1. Let me spell it out: the conditions are (1) in contact with a Phe, Trp or Tyr (Cβ under 6 Å, 6 or more places away or on another chain); (2) within 30 Å of Arg33 (Cα to Cα); (3) surrounded by 24 or more Cβ atoms within 10 Å (Cβ to Cβ), and Leu173 meets all of them except one. Which number is the exception?
2. Select from region 73-92 the residues that are touching a Leu at 6+ places or on another chain (Cβ under 9 Å), on the phi < 0 side of the Ramachandran plot and either among the polar types (S, T, N, Q) or not in a helix (DSSP H, G or I) (or both) and list them in ascending order.
3. Return the pairs, sorted by first residue and then second, in which the second residue is of a type in the set (Gly, Ala, Ser), the first residue lies in region 215-235 and is farther than 19 Å from Tyr178 by Cα, the beta carbons are less than 6 Å apart, and the residues are 6+ apart or on different chains.
4. Being more than 12 Å from the chain's Cα centre (by Cα) and under 17 Å from Glu137 (Cβ atoms) is the filter here, so list the residues in region 68-77 that pass it.
5. Restricting region 34-63 to residues that are outside any helix (DSSP H, G or I) and closer than 13 Å to Gly196 by Cα, which is farthest from the chain's Cα centre (by Cα)?
6. Between a residue in region 35-62 that is under 13 Å from Val200 (Cα atoms) and modelled with pLDDT of 95 or more and any residue that is buried (at least 20 other Cβ atoms within 10 Å of the Cβ) and basic (Lys, Arg), which pairs come within a Cβ distance under 9 Å, given they are 6 or more apart or on different chains?
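The values are calculated or read from the model by the stated rules, or taken from the named source; none is laboratory data. The structure presented is a predicted model; accordingly, all values stated were derived computationally and were not measured. Glycine also receives a Cβ, built like all others from the backbone with ideal geometry; neighbour counts cover every protein chain displayed.
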Amino acid sequence: MSHFASRVALAVRPREICRRLVAVTREMTESSRCLRIFRKYAEFTMIPQHTYVNNLLLAGQCRHVPGCVVECGVWRGGMIAGIAELLGPSRDYVLFDSFSGLPPATDVDGAAARAWQADKTSPGYFDNCTAPREIAERAMQLAGATRVTIREGWFADTLRGFTPPAPIAILRLDGDWYDSTRACLEALFPHLSPQGIVIVDDYTVWDGCRKAVHDYLSREQSAAAILQSRDNVTVIRFPSSAEKPAPRPG
């Protein structure tokens with residue numbers, strides 16, 4: 001390396017170090033804020049702390065993407081309330097849930113899913129993920145969200161004919177089973193903003209959820225990428241060069 005090149009490298013290196021330090025400091029600050037949000041909504045969610053925080057960090061990456069936030073499978077509303085607190089009240093937030101628990105797992109969901117649903121004494125059963133709608137409403141009120149729509153019932157019914165109030169910036173799927181996940185993707189994925197993301201809660205947990213994602217993207221011949229964030233949080237997003245499908249009529 002020449003003397004001039006060495007001097008340039010020495011000059012650039014401190015700037016690069018400073019840039020990285022700023023990025024790390026910013027991420028630590030954001031993580032601390034997300035941790036505070038988790039603590040605020042801990043009673044409204046069954047999601048572990050580290051996974052919850054990573055969901056919020058992903059949502060934070062979309063703060064400059066215009067559009068609404070949709071969650072399918074909200075339980076007590078703690079996750080979408082945390083997202084609402086992070087992103088602010090100027091968006092529309094749409095919550096889909098039966099509030100009557102999960103439908104029966106089927107063969108495509110796998111033996112583990114059926115065993116989980118059969119074991120009603122398990123600490124992780126949470127009454128088959130049943131929760132009163134009023135608790136989710138209270139969580140959203142705590143977040144200060146005012147533009148909230150709750151669609152109560154089975155996805156097959158509540159998604160039919162639904163058009164979101166704006167392109168979807170964040171779609172979070174927590175429906176566990178194949179049929180639920182597939183129904184959500186078919187109805188909502190075409191409305192995803194080109195810069196938006198889909199967070200799939202159960203992709204690494206249940207066979208049916210994972211298969212529904214693969215089957216849907218394969219059928220649509222989609223170029224969307226399935227990515228693993230920290231703590232195995234699964235995200236679907238479009239590469240910048242990919243074209244997303246247009247919404248289908250009705």
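1. (1)
2. Once the filter is applied, which keeps residues that are touching a Leu at 6+ places or on another chain (Cβ under 9 Å), on the phi < 0 side of the Ramachandran plot and either among the polar types (S, T, N, Q) or not in a helix (DSSP H, G or I) (or both), region 73-92 yields only Val74.
3. Ala223/Ala242
4. Trp75, Arg76, Gly77
5. Arg63
6. Asn55/Arg172; Ala59/Arg172
For (1) buried (at least 21 other Cβ atoms within 10 Å of the Cβ); (2) of a type in the set (D, E, K, R), each residue gets a yes or a no:
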{"position": "Ala42", "(1), (2)": "no, no"}
{"position": "Met46", "(1), (2)": "no, no"}
{"position": "Tyr52", "(1), (2)": "yes, no"}
{"position": "Val65", "(1), (2)": "no, no"}
{"position": "Gly73", "(1), (2)": "yes, no"}
{"position": "Asp97", "(1), (2)": "yes, yes"}
{"position": "Val108", "(1), (2)": "no, no"}
{"position": "Gln117", "(1), (2)": "no, no"}
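This table checks each residue for (1) more than 20 Å from Glu30 (Cα to Cα); (2) not basic (Lys, Arg).
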site	(1), (2)
Thr51	no, yes
Leu87	no, yes
Leu95	yes, yes
Gly110	yes, yes
Arg151	yes, no
